[in-house]
1. Quick one: how many residues across the stretch 1-44 are modelled with pLDDT of 90 or more, surrounded by fewer than 18 Cβ atoms within 10 Å (Cβ to Cβ) and in contact with a Ser or Thr (Cβ under 7 Å, 6 or more places away or on another chain)?
2. So, in the stretch 60-78, how many residues would count as being free of Cβ contacts under 8 Å to residues at least 12 places away in the same chain, in a loop (DSSP other than H, G, I, E, B) and hydrophobic (A, V, I, L, M, F, W, C)?
3. Checking the conditions here, which among ARG6, ARG25, ARG21, ARG17 is more than 18 Å from VAL102 (Cβ to Cβ) and charged (D, E, K, R)?
4. Return the only residue of ARG122, ARG67 being farther than 18 Å from ASP29 by Cα, exposed (fewer than 12 other Cβ atoms within 10 Å of the Cβ) and either aromatic (Phe, Trp, Tyr) or modelled with pLDDT of 95 or more (or both).
5. When only residues in the stretch 88-101 that are out of contact with any Ser or Thr (no Cβ under 7 Å at 6 or more places or on another chain) and surrounded by fewer than 18 Cβ atoms within 10 Å (Cβ to Cβ) count, which is nearest to GLU64 (Cα to Cα)?
6. Could you figure out which of (1) over 29 Å from ARG124 (Cα atoms); (2) in a strand (DSSP E or B) isn't true of ASP81?
7. How many residues, within the stretch 45-57, are in a loop (DSSP other than H, G, I, E, B) and either touching a helix residue (DSSP H, G or I) at 6+ places or on another chain (Cβ under 8 Å) or buried (at least 18 other Cβ atoms within 10 Å of the Cβ) (or both)?
8. Being under 17 Å from GLY47 (Cβ atoms), assigned to a helix (DSSP H, G or I) and more than 14 Å from the chain's Cα centre (by Cα) is the filter here, so list the residues in the stretch 89-126 that pass it.
Amino acid sequence: MRRTGRRDTRPELRLRRALHRRGLRYMVDATPPGTNRRRRVDVLLSGARIAVFVDGGFWHSCPEHGRVPKNNREWWRCKLDGVVRRDRDTDAELTAAGWLVVRVWEHEDPEAAADRIVDLVRDRRR
């Protein structure tokens, strides 16, 4: 678990490059104003008040690709369920503070995800 990076993962970098090519500027690994200081966002578009998370299939229990390891199965199930609960709690806290939460799976096409985010930024700025 220690080897799992907290930021600058390959899927994050791909998404950030795609967003940058589309002219968006953002903060990385930031805490949105008005929220719990312990919760950090992968990509924060502060002007549009959009918080983007790039979730890994294993750690965030992707319904399509996530799986529980066979060894120590019950411990892993509890651990991964806790991550999902924390994600939902973070979503609720950010939404209550006026932020739009966008979750992108690591296996998603970064270009398509960037297009989706650009559309949301345009909608939020109107």
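The values are calculated or read from the model by the stated rules, or taken from the named source; none is laboratory data. Values in this document were obtained by computation on a predicted structure and should not be read as measured data. Virtual Cβ from ideal backbone geometry, glycine too; neighbours counted across all protein chains shown.
1. Summing the residues that are modelled with pLDDT of 90 or more, surrounded by fewer than 18 Cβ atoms within 10 Å (Cβ to Cβ) and in contact with a Ser or Thr (Cβ under 7 Å, 6 or more places away or on another chain) in the stretch 1-44 gives 1.
2. In the first step, residues of the stretch 60-78 are kept if they are free of Cβ contacts under 8 Å to residues at least 12 places away in the same chain; the result is 63, 67, 69-78.
Still in the list and also in a loop (DSSP other than H, G, I, E, B): 63, 67, 69-72.
Still in the running and hydrophobic (A, V, I, L, M, F, W, C): none.
Here the count works out to 0.
3. Numbers: ARG25 fails: more than 18 Å from VAL102 (Cβ to Cβ); ARG21 fails: more than 18 Å from VAL102 (Cβ to Cβ); ARG17 fails: more than 18 Å from VAL102 (Cβ to Cβ).
Checking each option against the conditions leaves just ARG6.
4. That would be ARG122, the only listed residue that is farther than 18 Å from ASP29 by Cα, exposed (fewer than 12 other Cβ atoms within 10 Å of the Cβ) and either aromatic (Phe, Trp, Tyr) or modelled with pLDDT of 95 or more (or both).
5. If we filter the stretch 88-101 for residues that are out of contact with any Ser or Thr (no Cβ under 7 Å at 6 or more places or on another chain), which is where we start, we get 88-92, 95-96, 98-100.
When the remaining residues are screened for being surrounded by fewer than 18 Cβ atoms within 10 Å (Cβ to Cβ), the result is 88-89, 91-92, 95-96, 98, 100.
Numbers: ARG88: 18, ASP89: 22, ASP91: 21, ALA92: 23, THR95: 25, ALA96: 28, GLY98: 30, LEU100: 24 Å.
Only one residue tops the list, namely ARG88.
6. (2)
7. Residues in the stretch 45-57 being in a loop (DSSP other than H, G, I, E, B) and either touching a helix residue (DSSP H, G or I) at 6+ places or on another chain (Cβ under 8 Å) or buried (at least 18 other Cβ atoms within 10 Å of the Cβ) (or both): 4 in total.
8. VAL118, ASP119, LEU120, VAL121, ARG122, ASP123, ARG124, ARG125
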